[in-house]
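Here the structure is laid out as structure tokens; the discussion comes afterwards.
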Amino acid sequence: MTPEVLYSLRFPIGEFRKPKQISTSMIASWITTIEQFPKAVEDITKDLSAEALRWVYRPDGWTIKQVVHHCADSHMNSLIRFKLALTEDTPTIRPYYEDRWATLIDGNDDNLHDTLLLLKGLHAKLGKLLRHISDAELSKEFIHPEHGKHFRLDETIGIYAWHCNHHLAHIKQAISNKGQF
């Protein structure tokens with residue numbers, strides 16, 4: 001496969017691009033995406049067999065089940081990052097090895113029920129928090145040591161909305177190709 005094809009399989013919706021100006025309507029749309037994500041994942045995965053949950057979205061990529069479990073892990077970290085930024089002065093967040101987490105037993109479970117329950121509760125809680133962040137709070141930041149930069153909360157809402165759509169596209173890609181590349 002060419003590098004371009006591998007890139008498009010890895011980033012089927014492209015990479016997140018921070019808008020020059022983040023509007024109130026953008027933030028509201030991003031929050032809606034975040035809130036609706038668990039249902040979208042449940043709808044697309046509910047009839048998949050255990051075999052289908054092992055389909056990958058690209059060569060050497062994660063399986064569908066690993067993607068779903070990863071989203072719960074990632075978005076738990078997201079909620080904590082928002083809360084740290086809202087309650088501390090520019091905290092440095094703790095990164096984690098998502099690739100290693102994906103190999104753990106809970107990242108490979110064929111039963112998505114508990115993870116979907118977690119996503120539903122987590123996204124409801126995250127949506128509530130995000131819908132009540134003030135304009136002043138949107139400019140609060142945290143430091144991500146892995147990237148060596150500051151992230152504003154308004155930008156981070158966009159990143160996590162993108163992350164939802166990014167991984168939903170991965171699941172659709174794996175289903176469309178039946179894990180074959």
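Arranged from fewest to most other beta-carbon atoms within 10 Å of their beta carbon, Asp60, Asp106, Asp73 become Asp60, Asp106, Asp73.
Sorted from greatest to least, the principal axis extents spanned by the alpha carbons of the range 36-98 come out as 46, 27, 14 Å.
The GluC sites (Glu not before Pro) of the range 105-181 that DSSP puts in a loop, and whose beta carbon has at most 15 other beta carbons within 10 Å, are Glu146.
Scalar couplings 3J(HN,Hα) for the range 95-108, obtained by applying the Karplus form with A = 6.51, B = -1.76, C = 1.60 to θ = phi - 60°, are x, 9, 8, 4, 5, 6, 4, 5, 8, 6, 4, 6, x, 10 Hz; x denotes Gly and Pro. Semi-axis lengths, largest first, of the ellipsoid equivalent to the range 108-149 are 29, 19, 4 Å, with √(5λ) applied to each eigenvalue of the Cα gyration tensor. Ignoring lysines fewer than eight residues from Lys39 along the same chain, the ones with Cα atoms less than 21 angstrom from its Cα are Lys65, Lys120, Lys125, Lys128, Lys172.
Mean sequence separation of contacting Cα pairs (under 8 Å, at least six apart), scaled by the length of the chain, corresponds to a relative contact order of 39 percent. Highest GNM mean-square fluctuation, the chain, Cα pairs closer than 10 Å: which of Gly14, Gly148, Gly61? Evaluated over the chain, the most mobile residue of the options is Gly148. Each residue in His163, His150, His132, His69 was given a count of other beta-carbon atoms within 10 angstrom of its own, and listing them fewest first yields His132, His150, His163, His69.
Evaluated over the Cα positions of the chain, the convex hull gives a direction-averaged projected area, one quarter of its surface, of 10.5 nm².
Laboratory data are not the source of any read-out in this text; all were calculated from the coordinates shown. This is a predicted model, so every value here is computed, not measured. All Cβ positions, even for glycine, are placed from backbone atoms using ideal geometry, and neighbour counts span all protein chains on display.
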